[in-house]
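Enquirer: Here it is, the structure in full.
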Amino acid sequence: MRVDRFHLGWFLQGSAIQSWGEAWTGRIADEWMVPDLFIELARALERACLDYILIEDSTYIGEAYGNSREIYLKYAMSVPKQDPAVLASMMLQQTSRLGVVATFGTFGYHPYALARLVGTLDQVSSGRAGWNVVTGSSDLAAQNFGNERLPEHDLRYDMADEYIEVVKQLWQSWEPGAIIADRESGILVDHNKVHTIDFAGRYYKSRGPLNSGPCPQGRPVIAQAGGSLKGRAYAAKHADTVVAHVTDLDGMKQYLGSVREMARSHGRDPATCKVLFLVSPILADTAEEARQRSRDMAARAAERLDIQLARIAKITNIDFSQLDLDQPLGSLTTNGHQQSLADFLRKAGKRTLREAVATYNTTGLSIDLIGTPEQVAGQMEEVMQEVGGDGFLFTLGNTTRRTIAEITDGLVPALQQRGLVRTCYQHKQLRDTLLEF
């Protein structure tokens, strides 16, 4: 099967300080508060002509492992995190074509505040902003906003379905052409083209209209990481691009097929919903050097099972410190990330917890990509031939100037040489970039 061009994005986790203990990080522990590294990242991604960067977020410090914050703070596990709205605005100001998608939880913002915030980002970037919709996964986050706990998983998506409808209506409260700026009459806005929405649902209410004015894209780009069945349905209904946390080729095929079928059931053209799979290439000058880097990374992870377990605990809300390391896992349930737990249990099978966690990939990566830039480019081409997907999202455990350059100045040019990704932008707005092919 011939491979058409595919899309590339970057899934940015954590803050710059989280790589402070790794090699080639300079003085990042002293400099991380001012996001020069992330500004450089955005510029590098634009030079490489990626579609967008997605800024992941959470609004709490983990405590799931051992009912304590200790391990999460000691080892900078998803902490500290800065507000993605500020980072997004700085990245957008320093670029001219790259899309910037910020994560905001539906539990942390009233729909009006969210619509106004993301709409403003779209305005100041001339149409390059997006919103990564999350419904939350931890009661600790809910408690930071004055609630005792998050609603149950499926109810969160029911609420988010209504939430996004309010936001969309608010973005549409200004008709195209509402700003006429007629100097002769002295009229700036045609008041007949600005409307209240008078939304009164089961969970949310808003009168509208937005006072911030229209969005350049009409509606900013929506991203979503739908893992569970409910999450996939939500992504298929609303998202312009989907972050796919699945493992192995069969899982990728199944996920892609289900999202596209659900999109059709909502009357959508599946081609308008771009599914990008998470990958973390391990690159070197030779294949053996890359394999050795992979072995070294696996060995370091295996040496610290507590850190691996703490990561899984944070995303699943299950305290693995209370489980016997030398017994099979059995049946577990969660109100957190259901797909992540399902993947972990499926990979674990009948193995003990110790055996399962030693080899489990906590990042939700789709496939292993190991080798020289040219070899990994070939591997990515083969995956797209097999799966027929829309592209990949790079995510790195340690974002440094070195690892950024390996992707943007090594791997991407190898992909461009094969004609697999764009070499220049054809559009100014993010949605048009996503729909280019």
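Enquirer: Among Thr316, Thr333, which is outside the structural domain of Asn398 (by TED's automatic domain parsing), closer than 28 Å to Leu140 by Cβ, buried (at least 20 other Cβ atoms within 10 Å of the Cβ) and out of contact with any strand residue (DSSP E or B) (no Cβ under 9 Å at 6 or more places or on another chain)?
Expert: Just one listed residue meets the conditions, Thr316.
Enquirer: Taking into account only those residues within segment 85-116 that are more than 30 Å from Arg47 (Cα to Cα) and among the aromatic types (Phe, Trp, Tyr), which is farthest from the chain's Cα centre (by Cα)?
Expert: Only one residue tops the list, namely Tyr112.
Enquirer: With Ile164, Ile179 as the choices, which residue is touching a residue at least 40 places away in the same chain (Cβ under 8 Å) and either in contact with a strand residue (DSSP E or B) (Cβ under 6 Å, 6 or more places away or on another chain) or surrounded by 18 or more Cβ atoms within 10 Å (Cβ to Cβ) (or both)? Reasoning before the result, please.
Expert: Values: Ile179 fails: touching a residue at least 40 places away in the same chain (Cβ under 8 Å).
Going through Ile164, Ile179 in turn, the sole match is Ile164.
Enquirer: Another question, then. Given Ala233, Ala244, Ala223, Ala239, which one is assigned by TED's automatic domain parsing to the domain that holds Leu117, more than 23 Å from Thr395 (Cα to Cα) and among the hydrophobic types (A, V, I, L, M, F, W, C)? First the steps, then the outcome.
Expert: Working: Ala244 fails: more than 23 Å from Thr395 (Cα to Cα); Ala223 fails: more than 23 Å from Thr395 (Cα to Cα); Ala239 fails: more than 23 Å from Thr395 (Cα to Cα).
Result of the check over Ala233, Ala244, Ala223, Ala239: Ala233.
Enquirer: Right, here's the next one. If I filter segment 234-266 down to residues being free of Cβ contacts under 8 Å to residues at least 60 places away in the same chain and small (Gly, Ala, Ser), which single residue comes out as surrounded by the fewest Cβ atoms within 10 Å (Cβ to Cβ)?
Expert: Residues of segment 234-266 free of Cβ contacts under 8 Å to residues at least 60 places away in the same chain: 235-236, 242, 250, 254-255, 257-266.
Filter once more, so that each one left must be small (Gly, Ala, Ser): 235-236, 257-258, 263, 265.
Numbers: Ala235: 26, Ala236: 24, Gly257: 13, Ser258: 15, Ala263: 23, Ser265: 11.
Ranking the qualifying residues of segment 234-266, first place goes to Ser265.
Enquirer: How many of the residues in segment 47-67 are of a type outside the set (Asp, Glu), closer than 24 Å to Gly108 by Cβ and either in a loop (DSSP other than H, G, I, E, B) or touching a strand residue (DSSP E or B) at 6+ places or on another chain (Cβ under 8 Å) (or both)?
Expert: 10
Enquirer: What number of residues in segment 100-158 are of a type in the set (Lys, Arg) and within 20 Å of Leu87 (Cβ to Cβ)? Reasoning before the result, please.
Expert: Let us first name the residues in segment 100-158 that are of a type in the set (Lys, Arg), namely 116, 128, 149, 156.
So of that shortlist, the ones also within 20 Å of Leu87 (Cβ to Cβ) come out as 116, 128.
Total meeting the criteria: 2.
Enquirer: Can you tell me how many residues in segment 343-397 are among the polar types (S, T, N, Q) and modelled with pLDDT of 85 or more?
Expert: Residues flagged as among the polar types (S, T, N, Q) and modelled with pLDDT of 85 or more within segment 343-397 amount to 6.
Enquirer: Let me ask you something else. Of all residues in segment 318-341 being outside any loop (DSSP other than H, G, I, E, B) and in contact (Cβ under 8 Å) with a residue 12 or more places away in the chain, which is nearest to Gly66 (Cα to Cα)? Before you say what the answer is, go through the steps one by one.
Expert: Step one: list which residues in segment 318-341 are outside any loop (DSSP other than H, G, I, E, B), which gives 320-322, 328, 338-341.
Going one step further and asking which of them are in contact (Cβ under 8 Å) with a residue 12 or more places away in the chain, we end up with 320-321, 328, 338-341.
Values: Phe320: 8, Ser321: 6, Pro328: 19, Gln338: 20, Gln339: 22, Ser340: 20, Leu341: 18 Å.
Checked segment 318-341; the qualifying residue nearest to Gly66 (Cα to Cα) is Ser321.
Enquirer: Determine which member of the set Met77, Met33 is touching a Lys or Arg at 6+ places or on another chain (Cβ under 8 Å) and surrounded by fewer than 22 Cβ atoms within 10 Å (Cβ to Cβ).
Expert: When all the criteria are applied, what remains is Met77.
Enquirer: In addition: Mind checking which residues of segment 235-251 are over 12 Å from the mean Cα position of the chain (by Cα) and modelled with pLDDT under 95?
Expert: Matches in segment 235-251: Val246, Thr247, Asp248, Leu249, Asp250, Gly251.
Enquirer: Being part of a helix (DSSP H, G or I) and of a type in the set (A, V, I, L, M, F, W, C): is that true of Ile307 here? If you could, list the steps in order and put the result at the bottom.
Expert: Numbers: part of a helix (DSSP H, G or I): yes; of a type in the set (A, V, I, L, M, F, W, C): yes.
When the stated conditions are applied, Ile307 passes them.
Yes/no matrix, rows are residues, columns are (1) closer than 19 Å to Phe277 by Cβ; (2) touching a Leu at 6+ places or on another chain (Cβ under 8 Å):
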site: Gly389; (1), (2): yes, yes
site: Leu396; (1), (2): yes, no
site: Arg401; (1), (2): no, yes
site: Ile404; (1), (2): no, yes
site: Ala414; (1), (2): yes, no
site: Gly419; (1), (2): no, no
site: Cys424; (1), (2): no, no
site: Gln429; (1), (2): no, no
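The values are calculated or read from the model by the stated rules, or taken from the named source; none is laboratory data. These numbers were taken from a predicted model, which means no experiment stands behind them. Here the Cβ is made from the backbone with ideal geometry for all residues, glycine too, and neighbour counts use every protein chain on show.
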